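Note sheet for the following structure.
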Amino acid sequence: MDTDEIKGTTTETVGKVQDVVGSVTGDAGAQLAGKATELSGKAQEVYGQATEQLRQTTAENPLITLAVVGLAGFLLGALFKSVNRDSGDYDDVPPARGRRY
């Protein structure tokens, strides 16, 4: 179990307790804060699970991971190159013909 999973589970539990305390005391603000804390904890727990799964997959299939990362880098490079080309800032534009001002 990843530390993010543990922290997420703990935060989620704290949020549930806050929600119950807010419900018992009739404090809508505390209840809302509890629900927000609970959702934050759940998100952190899911992030921890995804991170752990990524580590495990990377360790089991290093060549596939390397190929995916290389392909992603190539695609991002091609994307940024085309974005820069479309910006209209050309360094290789030939000089204009006719009068020069």
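Could you derive backbone 3J(HN,Hα) for segment 18-31 from the dihedral phi with the Karplus parameters 6.51, -1.76 and 1.60 (θ = phi - 60°), listing whole Hz in sequence and x where the residue is Gly or Pro?
4, 4, 5, 4, x, 5, 5, 7, x, 8, 5, x, 5, 5
How large is the accessible surface of T58 in square angstrom, using a 1.4 angstrom probe and rounding to the nearest 10?
60
Keeping all protein chains in place and using 1.4 angstrom, which order do L76, L66 fall into by accessible surface area, from largest down? Show your work: numbers first, answer last.
Numbers: L76 90, L66 120 Å².
Of L76, L66, the descending order of accessible area is L66, L76.
Where Lys and Arg each count +1 and Asp and Glu each count -1, what net charge lies around E12 among other residues with Cβ under 10 Å from its Cβ? Please list the in-between numbers first.
On the way: positive: K7, K16, K42; negative: E38, E45.
Residues near E12 contribute +1 overall.
Count the net charge of all other residues whose Cβ sits under 15 Å from the Cβ of A50, scoring Lys and Arg as +1 and Asp and Glu as -1. Walk me through the intermediate numbers first.
Working: positive: K7, K42, R55; negative: D2, D4, E5, E45, E52.
Once positives and negatives cancel, what remains is -2.
Tally Lys and Arg at +1 and Asp and Glu at -1 over the other residues with C-beta under 12 Å from the C-beta of G41: what net charge comes out? Mind dumping the intermediate values first?
On the way: positive: K7, K16, K35, K42; negative: D4, E5, E12, D19, E38, E45.
Residues near G41 contribute -2 overall.
Rounded to the nearest 10 Å², what accessible area does E12 have for a 1.4 Å probe in the complete protein model?
Surface accessible to solvent at E12 totals approximately 30 Å².
For K42, go through the lysines and keep the ones whose alpha-carbon is under 29 Å away, minus same-chain ones fewer than eight residues off.
Straight-distance partners of K42: K7, K16.
The values are calculated or read from the model by the stated rules, or taken from the named source; none is laboratory data. This structure is a prediction, so every number in the text was calculated from the model and none was measured. Methodologically, a virtual Cβ is constructed for each residue, glycine included, from the backbone with ideal geometry; neighbour enumeration extends over all protein chains shown. Note: areas computed on protein heavy atoms with side chains; ligands, DNA, RNA excluded. Shrake-Rupley method; radii C 1.70, N 1.55, O 1.52, S 1.80 Å.
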